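A.B. asks: Dropping the structure in here first, questions after.
The values are calculated or read from the model by the stated rules, or taken from the named source; none is laboratory data. Keep in mind that this is a model prediction, so the values were computed, not measured. No Cβ is skipped: glycine too gets one built from the backbone with ideal geometry, and neighbour counts run over all protein chains shown. Protein only, heavy atoms only, side chains kept; ligands, DNA and RNA dropped before computing areas. Shrake-Rupley method; radii C 1.70, N 1.55, O 1.52, S 1.80 Å.
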Amino acid sequence: MLVSSICPRTRFAFFLCSLCFGVSSGQYLFAEVSPTDAKQAMKRATRFFTDEVSTEGGYLWTYSADLSLREGEGRASDSMIWLQPPGTPTVGEAFLTAYQKTGEPYLLDAAREAANALVKGQLKSGGWGHYIDFNKRENVQYRIDGGGPKARNRTTFDDNKSQSALRFLILLDQELKFQNQSVHEAAMYALNSFLKAQFPNGAWPQQYSSFPNPKDYPVLKASYPASWSRDFPKKKYTDYYTFNDNVIGDLVDLMFLANHVYKDSRYRKAALKAGDFILLAQMPEPQPAWAQQYNSKMQPAWARRFEPPSITGGESQGVIKTLMQIYIYSSEKKYLKPIPAALAYLRKSELPNGKLARFYELKTNRPLYFTKQYQLTYKADDLPTHYGFMITSKVNQLESRYRKLLKASPKQLASMRFPTRRVRLTPALTAKAKSAIEALDTGGAWVTQGEIRSAKLKNTPVIETRVFVKNLETLANFVAAHQRD
């Protein structure tokens with residue numbers, strides 16, 4: 001790519017960069033960084049991650065620089081790997097994507113190893129738990145070589161754990177042309193189980209160990225309870241209809257992906273059925289938005305001690321985004337119908353600081369908060385710090401996207417379903433690649449200053465999977481951009 005072919009704005013950016021790096025107009029941007037440099041850095045970093053960091057092909061979140069301490073969401077041993085992003089599925093998909101961009105075989109090998117770890121950790125219930133411990137298999141009903149009928153067998157959709165694992169397996173299965181038997185079988189087993197776990201009304205639970213009996217879950221429209229306790233009832237909530245942590249949104253995306261890859265209409269029907277649940281779950285006036293979770297009576301209910309029956313400013317925004325995604329895939333305008341009233345309600349509910357409360361009291365719409373002692377209150381002056389009780393309002397962005405979708409043609413909607421984005425060689429990308437290469441240490445690790453919460457260590461040298469994934473993506477994009485240009 002010659003400088004003369006670059007648009008004026010990019011040419012000006014290049015000029016500024018050339019002042020700092022002495023690049024002449026006839027050379028590649030930042031000529032001292034080459035695709036070969038990027039490939040070498042990728043290989044060193046991947047070898048370190050697969051040979052030194054991984055456990056049977058899988059990964060956690062954070063490691064001390066000497067790998068003696070490690071954790072996911074909590075403390076972990078060297079026999080454990082994590083599911084929740086940025087754990088094993090995230091790293092595996094990063095390997096796969098980098099392979100697809102660069103064609104380097106060792107990256108596909110690393111993706112296979114991550115997939116094999118997930119296959120070994122798949123539960124008989126079909127999905128995955130919070131983590132996989134390869135040293136204590138007798139305690140869990142793994143689908144392959146697991147414990148007995150009394151062992152743990154609970155699939156969780158919380159925090160995108162099982163969804164991200166299955167998404168990666170589906171994408172790898174597609175790349176391998178469905179010829180890897182263990183990967184294909186695991187993906188099919190999980191998909192069939194997730195279909196069985198869907199409630200008659202189209203919702204999914206936060207977790208499950210058995211499949212719902214339709215007789216126990218009548219299809220109802222959302223309603224307000226006659227009354228609700230201000231005191232935490234300590235009831236089981238994991239089988240409630242759950243929007244919290246984007247459970248249903250992630251599953252909808254997953255089902256559309258499965259339909260796209262396997263050409264099986266059952267998965268599209270499941271996604272649309274979830275959309276129909278969202279229509280049922282929209283609360284009546286005066287609060288036409290959504291709750292975090294609903295009981296079998298289709299009424300907002302308690303979950304954890306800081307998640308009361310309420311209308312949620314947070315998950316409601318995610319639900320609106322999911323409705324728009326379903327419309328993109330289906331072209332059925334009924335999935336857009338709830339959005340105007342929900343947006344108007346959320347705009348009216350914005351706090352003086354422009355944010356939204358996580359929780360609004362049923363019917364009165366007063367913002368609800370908790371003290372550090374977990375007492376329900378209307379005041380926001382003593383909030384626990386582990387949870388976002390105020391969240392950013394994205395009403396303007398959501399309304400803008402909604403209006404664009406109303407004007408989109410069928411062809412434009414089709415192009416939004418599985419878009420392919422061409423990576424272009426820019427000064428910004430080159431600068432990021434240069435930074436990633438320079439940050440790699442002699443052993444092949446990206447070591448940063450961070451925190452190991454389980455050991456109460458702050459500002460300490462750490463190796464983080466999120467940093468690895470980000471830098472691997474940058475280098476793969478840099479190589480791919482050079483290959484195209």
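A.B. asks: Which links in K120/K150; K236/K337; K236/K348; K215/K333; K221/K269; K101/K177 stretch past 22 Å when you go from one Cα to the other? Kindly include the intermediate steps, with their values, before the conclusion.
C.D. replies: Numbers: K120/K150 19 Å; K236/K337 33 Å; K236/K348 33 Å; K215/K333 31 Å; K221/K269 20 Å; K101/K177 17 Å.
Pairs exceeding 22 Å: K236/K337; K236/K348; K215/K333.
A.B. asks: What base-10 log of the normalised intensity I(q)/I(0) is obtained for region 24-146 from the Debye formula, alpha carbons as equal point scatterers, at q = 0.10, 0.13 Å⁻¹?
C.D. replies: Debye output, listed in q order: -0.37, -0.57.
A.B. asks: Something else about it: Once all Cα-Cα distances of region 262-365 are split into 10 Å bins that start at 0, what whole-number percent is in each one?
C.D. replies: Percent of Cα pairs in each bin: 14, 44, 30, 10, 1.
A.B. asks: Taking the Cα centre of region 240-417 as origin and charging only Cβ (+1 Lys, Arg; -1 Asp, Glu), how large is the dipole, in debye to the nearest 20?
C.D. replies: 580
A.B. asks: While we're looking at this one, here's another question. Please report, as a whole percent, how much of the solvent-accessible surface of region 240-417 comes from carbon and sulfur atoms (probe radius 1.4 Å). Walk me through the numbers on the way to the answer.
C.D. replies: Values: 3800 of 7630 Å².
About 50 percent, which is the carbon plus sulfur part of the accessible surface.
A.B. asks: With the cut-off at 23 Å, report for region 215-319 the share of all Cα pairs above it, as a whole percent. All intermediate terms of the calculation are to be shown ahead of the outcome.
C.D. replies: Working: 1636 of 5460 pairs.
Summing the P(r) tail past 23 Å for region 215-319 gives 30 percent.
A.B. asks: Of T385, A341, L351, which is farthest along the charge dipole of region 240-417 in the positive direction, counting Lys and Arg as +1 and Asp and Glu as -1 at C-beta?
C.D. replies: A341
A.B. asks: Also, quick follow-up: Heavy-atom accessible area per residue, region 365-485, 1.4 Å probe: how many Å²?
C.D. replies: Values: 7210 Å² over 121 residues.
With the other protein chains kept in place, region 365-485 gives 60 Å² per residue.
A.B. asks: So, with +1 on the Cβ of K and R and -1 on the Cβ of D and E, and no other charges, what is the size of the charge dipole of region 292-347 about its Cα centre, to the nearest 20 debye?
C.D. replies: Working: 8 positive and 3 negative charges, 15 e Å.
Charge dipole of region 292-347: 80 debye, to the nearest 20.
A.B. asks: Quick one: grab Rg to one decimal and Dmax as a whole number for region 317-379, Cα atoms only, in Å.
C.D. replies: Cα only, region 317-379: 15.3, 47 Å (Rg, Dmax).
A.B. asks: Sticking with this structure for a sec: For K407 and S435, what does the FRET efficiency come to when R0 = 51 Å and r is the distance between their Cβ atoms, rounded to the nearest 0.05? If you can, show how the numbers build up before the last one.
C.D. replies: Details: r = 40 Å, r/R0 = 0.78.
For R0 = 51 Å, the calculated efficiency reads 0.80.
A.B. asks: Across 10 Å bins from 0, what is the distribution of all Cα-Cα pair distances for the chain, in whole percents?
C.D. replies: 4, 17, 24, 27, 20, 7, 1, 0
A.B. asks: How long are the three semi-axes of the equivalent ellipsoid for region 94-240, computed from the Cα gyration tensor as the root of 5 times each eigenvalue, in whole Å, largest first?
C.D. replies: Numbers: eigenvalues 227, 67, 42 Å².
Taking √(5λ) for each Cα gyration eigenvalue gives 34, 18, 15 Å.
A.B. asks: Counting pairs of alpha carbon atoms under 8 Å apart in space and at least six apart in sequence, what relative contact order in percent does region 139-207 give? Walk me through the numbers on the way to the answer.
C.D. replies: Numbers: 50 pairs, mean separation 18.0, N = 69.
The normalised contact order for region 139-207 reaches 26 percent.
A.B. asks: Could you work out the relative contact order of region 240-417? I mean the mean sequence separation of Cα pairs under 8 Å and 6+ apart, divided by the number of residues, in percent.
C.D. replies: Values: 255 pairs, mean separation 34.2, N = 178.
Value for region 240-417: 19 percent.
A.B. asks: Then there is this: Along the charge dipole of the chain, which of F277, V119, V261 sits closest to the positive end, that is, farthest toward it, with unit charges on the beta carbon of Lys, Arg, Asp and Glu (+1, +1, -1, -1)?
C.D. replies: Value: F277.
A.B. asks: Can you give the Kirkwood hydrodynamic radius of region 240-417 from its Cα pairs, in Å with one decimal?
C.D. replies: Working: mean 1/r = 0.0589 Å⁻¹.
Mean inverse Cα-Cα distance, inverted, gives 17.0 Å.
A.B. asks: Quick one: putting +1 on the C-beta of Lys and Arg, -1 on the C-beta of Asp and Glu, what dipole do you get for the chain around its Cα centre, in Debye to the nearest 20? Don't skip to the end; give the middle numbers.
C.D. replies: Working: 66 positive and 44 negative charges, 359 e Å.
With only Lys, Arg, Asp and Glu charged at Cβ, the dipole is about 1720 debye.
A.B. asks: Here's something else I'd like to know. Scan around G72 for amide H atoms under 5 Å from its own, H built in the peptide plane at 1.01 Å from N, and keep only partners 5 or more places away or cross-chain.
C.D. replies: HN-HN under 5 Å from G72: W61.
A.B. asks: Moving on. Under the rule a/c < 1.5 gives rounded, and otherwise a/b versus b/c splits prolate from oblate, where does region 403-485 land using the Cα gyration tensor?
C.D. replies: Details: a/c = 3.73, a/b = 1.72, b/c = 2.17.
Oblate shape, in that a/c is at least 1.5 and b/c is the bigger or equal ratio.
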